[in-house]
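Report on one structure; see the data block that follows.
The values are calculated or read from the model by the stated rules, or taken from the named source; none is laboratory data. This structure is a prediction, so every number in the text was calculated from the model and none was measured. Virtual Cβ from ideal backbone geometry, glycine too; neighbours counted across all protein chains shown. Remember, those area values only see protein heavy atoms, side chains included, never the ligands or the DNA or RNA. Shrake-Rupley method; radii C 1.70, N 1.55, O 1.52, S 1.80 Å.
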Amino acid sequence: MMPDKKTEEKRQHSTVFLPYSYYICRMPYDFMSVPMHWHSEFEVNRVLCGKGEFVCGSEKFIAGEGALLILPPNMLHGAYPCQKGELIYEALVFHPAMLGANIDDRCTAEHIRPLISGTLKIKPVISGGETNYPCLKACMDRIFHCISGGFPCPDLLLKSELMRLFWLLESDEGLLCRKDSESNDCEMLRPALDYMMKNYRESITVAQLAELSHLSKSYFMNCFKKSVGVSAMEYLTQLRIRAVCEALSSSEKKIAEIAFECGYDNISNFNRQFKKVTGRSPKEYRINVRLMQK
């Protein structure tokens, strides 16, 4: 199944006039994890602190401070801090137009569009052990430095550094290769993942998700655990708890009201699940977040 408008992430990362967005992701301080999702833009990440598990398509990586992540459009990906640890990374999500994807020339035809279509596959996580790492890191440092401002024509400088980054990738045969016939499990799960992201507040069963994916219930459960790393119901809990965490840190609503709005109809079950995921009660979590925001 190819990605379409129905299975894209809801958040808009780029516009015609501002073709990129910058984020800093701090786990577990801002939220507990970044559940599996996808979008039509490229994304580059730089791990600043801690260590976490990154799921990129059908592959899983443990990456720590200094690791670089480069994700093509429409790749399923997620991030989870290692147990009882922290993970802080910054992300730049940018439209393919930043690489000239809408231009008809040899460079675009031979190097950029194959990345967008998936014909060329990038090694998603690059660490210090790679031969070309120092050059890639220096380039990535300049890319994120562009976002900080203080430069004339920052978008022009950012474009040039992004083009250099992908030139460096093309120059290293170990980091870029033709796509192989790897498992299509992640593609088959897209309808179920999309449905869960949009409807996590509702009652959802494994049977519903399997039917959406056109898979048997048993095959769906095995496929989901293998691709995402947790069961479908555990993933649903992650989505709900993340929504609760965001609401606790950004609103004054009562905890019970937030729990109900995020899909819980049993407050005892909610409190138990929340503490299991975050290590704190909802009240303790809210107090801790407010202290950090001051």
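Listed values, structure above:
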item: Under 16 Å from the Cα of residue 226 - aspartates and glutamates, other chains or at least 8 residues apart; result: 53, 59, 182, 185, 187, 234
item: Flagged links, alpha-carbon separation over 20 Å, of 51/121; 60/123; 60/225; result: 51/121
item: Average accessible surface area per residue within the chain, 1.4 Å rolling probe, Å²; result: 51
item: For region 90-164 versus region 34-55, the gap between their alpha-carbon centres in whole angstrom; result: 15
item: Region 70-120, accessible surface, carbon-and-sulfur percent (1.4 angstrom probe); result: 53
item: Value of relative contact order over region 111-264, rounded to a whole percent, pairs C-alpha under 8 Å and six or more apart; result: 18
item: Nearest-0.05 FRET efficiency for residue 218 and residue 18, computed from C-beta distance (R0 41 Å); result: 0.35
item: Mean residue ellipticity (222 nm) of the chain, computed from DSSP H runs ≥ 4 via -39,500 (n - 2.57), nearest 500; result: -13000 deg cm²/dmol
item: Contact order relative to length of the chain, as percent, for alpha carbon pairs under 8 angstrom and 6 or more apart; result: 17
item: Extension gain, residue 281 back to residue 58 (0.36 nm per residue minus Cα-Cα distance, nm); result: 76.9 nm
item: Heavy atoms of residue 221 accessible to a 1.4 Å probe, total area in Å² rounded to 10; result: 90
item: Accessible-area value, residue 226, 1.4 Å probe, nucleic acids and ligands omitted, Å²; result: 130
item: Share of pairwise Cα separations in region 193-255, more than 20 Å, in percent; result: 31
item: Inter-label distance for residue 201 and residue 167, nm, one decimal - labels placed 7 Å from Cα along Cα-to-Cβ; result: 4.9
item: Hydrodynamic radius (Kirkwood) for the chain, which is based on Cα pairs only, to one decimal in Å; result: 20.4
item: Neighbour cut-off at most 14 other Cβ (10 Å), DSSP loop, GluC sites (Glu not before Pro), region 224-267; result: 252
item: Stokes-Einstein translational diffusion, region 190-294 - Kirkwood Rh over all Cα pairs, 1.567 mPa s, 4 °C, in µm²/s; result: 88
item: For region 85-90, 3J(HN,Hα) per residue [Karplus equation, 6.51 cos²θ - 1.76 cosθ + 1.60, θ = phi - 60°, Hz, x = Gly/Pro]; result: x, 10, 9, 10, 9, 10
item: Difference of contour (0.36 nm per residue) and Cα-Cα distance, residue 127 to residue 250; result: 40.8 nm
item: Residue of 206, 34, 47 that the Gaussian network model of the chain assigns the largest fluctuation, springs spanning Cα pairs under 10 Å; result: 206
item: Of all accessible heavy-atom area on region 196-294, the percent that carbon and sulfur account for (1.4 Å); result: 52
